[in-house]
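Data first, discussion second: the structure below is written as structure tokens.
What follows is calculated from the coordinates using simple rules that are stated; it is not laboratory data. This structure is a prediction, so every number in the text was calculated from the model and none was measured. So basically every Cβ, Gly included, is an ideal-geometry build from the backbone, and we count neighbours across all protein chains shown.
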Amino acid sequence: MKQYKKIVVLNNDLEAKIVEDLLKDRGIPHRMRSYHDSAYDGLFQAQKGWGIVEAPEEYEDEIKNLYSALPGEIIPEEFPKDDTEPDSD
């Protein structure tokens, strides 16, 4: 059995779902590990992120490239405030 290592930290459950779908579509062996622990009511997810992707080391670059191609942080915790004034006509 191949050794799996931590490849990337995921920010939220939507990002985890998208990454998992991408990895499955490409046939890349992986494990998704959530940091959620009901005993601590999600405390670790608030501090560390949603969880991680683990995979064999030979897939590390490919997974990191897929992850870095995602558009920014998917569904950020807080939407940026728009400080621009509306155009007055």
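Note on Met32 and Ser68: with the Förster distance fixed at 25 Å, the Cβ-Cβ geometry gives a FRET efficiency of about 0.90. Neighbours of Lys24 by Cβ distance under 13 Å: Lys/Arg scored +1, Asp/Glu scored -1, total 0. Under the simplified labelling scheme, the Glu57-Lys24 pair shows an inter-label distance of 2.9 nm, with each label point 7 Å from Cα along Cα→Cβ.
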